[in-house]
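The values are calculated or read from the model by the stated rules, or taken from the named source; none is laboratory data. Note that the coordinates shown come from a computational prediction; the quantities given were computed from them, not determined experimentally. Neighbour counts are summed over all protein chains in view; Cβ atoms, including those assigned to glycine, are modelled from backbone coordinates with ideal geometry. The accessibility values were calculated without ligands, DNA or RNA, using every heavy atom of the protein model including side chains. Shrake-Rupley method; radii C 1.70, N 1.55, O 1.52, S 1.80 Å.
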Amino acid sequence: MATFDAVCFDMDGVTVETAAAWYEIERNHVLPSAIATGNPPPDAIRALGVDDAYDRLRSLDGITLAVDRETFRALYEERVDEVYRERATLMPGYLDLLETLAFDGLALGLVSASQRAWVEIVLDRFDLHDAYDRVVGADDIEGPSKPDPGIYEHAAERLGVAPKQTVAVEDSPHGIAAATAAGMYCIALRGDGNAEADLSAADTVVTEPVALRSELRALTTK
């Protein structure tokens with residue numbers, strides 16, 4: 001099996017366990033407030049950046065929005081502190097995993113569809129500022145975020161590695177689509193927040209952090 005030179009981690013649902021919190025907030029707060037008519041699929045905006053989520057809802061047949069883009073953004077901003085300062089928990093064993101990968105010579109990236117300000121909250125709270133070689137949020141690039149591959153292509157360029165020599169760790173169909181379209185090997189981490197999600201487009205699916213660690217070590221140990 002080929003070895004790799006870099007690992008890029010998604011934030012929500014991978015680095016920190018927030019997927020269930022955001023799903024609950026979108027279902028009970030964002031969508032009821034934002035939609036005038038229609039009933040979007042449950043995963044229509046899961047793991048999308050806020051602006052991309054707004055554009056996705058606008059594009060869906062049978063959906064009429066009751067809010068403009070700024071008000072839609074505010075629906076998320078109202079809950080950011082609740083999610084990242086109160087409810088988010090770091091993946092078990094994550095710091096040890098990052099240290100091991102860095103010791104093995106891997107370049108490390110954090111690649112999130114969330115806004116950079118939200119990413120900074122996580123970096124501050126869990127003391128992760130020095131853990132990565134590069135950090136990329138949705139507003140660090142021009143153009144759409146996941147599932148477009150641009151954010152991962154940008155991350156690979158900033159890390160100085162080829163996408164095909166990079167492993168991405170994701171937890172959503174949109175994130176998997178972005179990573180694989182960029183040419184990366186993708187590991188999907190299944191948990192409580194994505195128990196029913198279709199992760200079949202990933203190269204490998206694991207169901208717990210211990211298994212993720214083993215898979216990464218097998219892929220990256222030279």
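Structure data summary
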read-out	value
Spin-label pair Asp203/Thr100, simplified geometry with 7 Å Cα→Cβ offset, distance in nm	1.8
Solvent accessible area, Å² - Asp96, 1.4 Å probe, full protein context	90
Using distinct alpha-carbon pairs, which all enter the 1/r mean, Kirkwood radius of the chain in Å	17.5
Relative contact order for the stretch 1-117, counting Cα pairs under 8 Å that sit 6 or more residues apart, in percent	45
Beta bridges per DSSP with both ends in the chain, % antiparallel, nearest 5	15
Filtered chymotrypsin sites (Phe, Trp or Tyr not before Pro), the stretch 47-137: DSSP coil and at most 11 other beta carbons within 10 Å	none
Portion, in percent, of the accessible area of the chain that falls on carbon or sulfur, probe 1.4 Å	46
GluC sites (Glu not before Pro) within the stretch 160-222: DSSP coil, no more than 11 neighbouring Cβ in 10 Å	Glu196
Glu196 versus Asp55: modelled label distance in nm, points set 7 Å from Cα along the beta carbon direction	2.8
Residue-normalised accessible area of the chain, given per residue in Å² at a 1.4 Å probe	45
Rg/Rh ratio calculated on Cα atoms of the stretch 79-133 (Kirkwood radius)	0.99
Semi-axes of the equivalent ellipsoid for the stretch 19-72, Cα gyration tensor, largest first, Å	16, 12, 11
